[in-house]
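S.K.: One structure, pasted below without further comment.
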Amino acid sequence: MLRKTPGPIALLNGMADFVLLLLSFFLAGLLRMVIPLGSRFLPVDLSRFFPIALIYAVVMVLCYAQTNCYRSLHCSGLFRDGFRLAVVNILGLALVGAVLFVFRLSQFSRLLLLYFYLLTTLLILMKRQLVDRLAAVHEHRKKEHTNVLIIGSADTARQYYTNIVRRKHFEMHYVGYLAEQPSPVLPNYLGKEGELRKVLQSVAVDQIIVAQDTQSAVQLQHIIAIADTYKICVSVIPVYNSFVGGRSQTHMEEGLRLIEVKMMDTCNIMGVDIAVTDMEKTIRTIEEKLEEWRGRYICVANVHTTVTAHRDKAYQAIQQRAAMALPDGGPLSQYSREQGYTEARRVTGPDLMQEILKISPQKKWRHYFYGATPETLKLLEQKIRQRYPGILIAGMYSPPFRTLTPREDAACVEQINAAHPDFVWVGLGAPKQELWMAAHEGEVHALMIGVGAAFDYEAGNIRRAPLWMQRRNLEWLYRLMQDPRRLFKRYFTTNLSYLWWRCRQ
């Protein structure tokens, strides 16, 4: 995703285009005077048509702004940017032609218009490429070092350290290595591979390079699971195991093949990394990482929350900090499949809660329910005990419809922790539930999952859409018919914003 340009820089970028457009007009006039084609062209003709060039320059800068040309200093590629610029300039040229026709300026040189168009496209494209390069150099100089930890001490690890880390010392900061035995070649031995978690708690690491000559799937899964908890990127050399997702990134550095691996693939949608998963994979992941994820939270994302995160960077950061952002909305999983993630499926909050409650009696998992009204929680408890015999309900709490005082909030957290739950289900609705979970990250000693209206569904207060509507991504329409006054504005604005974003992709 291209980094958004600050307002003042975007304004300067537009002013530079305005100056280049006027310069293109004068250069086109000089070419028209020098090249002996058509009728004679004099300097007085150039000054006569300058007001039209001035209007054209203003209109073109506005067109560039409307097509988001100033949103970033970076280009999307020479060919793509050149084609886009050529099309926009043709529209501008057509506008000039319309002005000439309306004001009957038949003496305006068509050859001058052609020169003007070609020079405008060429100069603006050259300027954008130059700005792109300068921005890249500036960002490269400002970029912080990547703290690299190597796992392994054999030939592969030594080759990576010698050929890549030492040569790229301006980009990489080597923090040390983990191995069963120290190596006389590699500096800064930090301990054995089993001490990874302890090392990450005391050393700042941005990337882990697994450079062992022999690896196992179980060992790699353990490394990835720990690194994922700390949001650290893991790359493997040279072994690639089949359990790793098929969309892992592969690249070569100095002849070494690096493969970025992760527990779960994600698809970035409007700035939010939506998990590429299905219900079975989600349940398995939660079961495997429940202990590691205590104190963290899972967001259940739909079009509304994703558009809200796109508009609100603070809320987007909360979504990104989650252990997972699940695709509750059908359009999100559908978009992921269109991007090549064929295994992406919808995982709704109500369905996830039901599936976990089903297996909880045999797993001895304890559940705490935070949200809704006291009446809804009472109904919810009755329904859950009927449907899932042997379920362990650690507690329930209906917060007041106001902001809790710090003392009340601390007492609430203490009450939740005293109940020793494994899961805290948060049914406050978006974005309130995500804000609550993020504010209590690390304080609540359980995995928090925001499930929206799942409490009302399970209690029977609200009927879910028929399966045929769910399968066709029309559950939002069913909910809108149930509560049009509250949901019309939300769905109308966010759905239109999402459709507009999709059209622009």
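S.K.: Give the residue that is modelled with the lowest pLDDT, with candidates limited to residues of the range 154-193 that are more than 16 Å from Val236 (Cβ to Cβ) and of a type in the set (Ser, Thr, Tyr).
M.R.: The extreme case among them is Thr162.
S.K.: Which count do you get for residues in the range 267-321 that are part of a strand (DSSP E or B) and either more than 10 Å from the chain's Cα centre (by Cα) or among the small types (Gly, Ala, Ser) (or both)?
M.R.: So the answer is 6.
S.K.: Quick check on the range 361-399: of everything there that is in contact (Cβ under 8 Å) with a residue 40 or more places away in the chain and in a strand (DSSP E or B), which residue is surrounded by the fewest Cβ atoms within 10 Å (Cβ to Cβ)?
M.R.: By that ranking, first place goes to Arg366.
S.K.: A further question follows. Being under 11 Å from Ser153 (Cα atoms), modelled with pLDDT of 85 or more and within 29 Å of the chain's Cα centre (by Cα), is that true of even one residue in the range 194-210?
M.R.: yes
S.K.: Something else now. Exactly one of (1) farther than 28 Å from Lys364 by Cα; (2) in the same structural domain as Leu377 (by TED's automatic domain parsing); (3) in a helix (DSSP H, G or I); (4) of a type outside the set (A, V, I, L, M) is unmet by Arg402. Its number?
M.R.: (3)
S.K.: Could we say that Gln339 is farther than 23 Å from Asp456 by Cα, within 16 Å of the chain's Cα centre (by Cα), among the polar types (S, T, N, Q) and surrounded by 18 or more Cβ atoms within 10 Å (Cβ to Cβ) here?
M.R.: For Gln339, the condition - farther than 23 Å from Asp456 by Cα, within 16 Å of the chain's Cα centre (by Cα), among the polar types (S, T, N, Q) and surrounded by 18 or more Cβ atoms within 10 Å (Cβ to Cβ) - is not met.
S.K.: Right, next: Between residues in the range 53-76 that are in a helix (DSSP H, G or I) and residues that are small (Gly, Ala, Ser) and at pLDDT 80 or above, which pairs lie under 8 Å by C-beta distance while being six or more apart or on different chains?
M.R.: Cβ pairs passing all conditions: Val61/Gly14; Tyr64/Gly14; Ala65/Gly14.
S.K.: Of everything in the range 10-46 that's out of contact with any helix residue (DSSP H, G or I) (no Cβ under 9 Å at 6 or more places or on another chain) and modelled with pLDDT of 80 or more, which residue is farthest from Met126 (Cα to Cα)?
M.R.: Val34
S.K.: What's the number of the only condition in (1) in contact with a strand residue (DSSP E or B) (Cβ under 6 Å, 6 or more places away or on another chain); (2) assigned to a helix (DSSP H, G or I); (3) free of Cβ contacts under 8 Å to residues at least 40 places away in the same chain that Phe488 fails to meet?
M.R.: Evaluating Phe488 over (1) in contact with a strand residue (DSSP E or B) (Cβ under 6 Å, 6 or more places away or on another chain); (2) assigned to a helix (DSSP H, G or I); (3) free of Cβ contacts under 8 Å to residues at least 40 places away in the same chain leaves (1) as the failure.
The values are calculated or read from the model by the stated rules, or taken from the named source; none is laboratory data. Everything quoted here is computed from the prediction, not taken from an experiment. Note: ideal-geometry Cβ built from the backbone for every residue, glycine included; neighbour counts use all protein chains shown.
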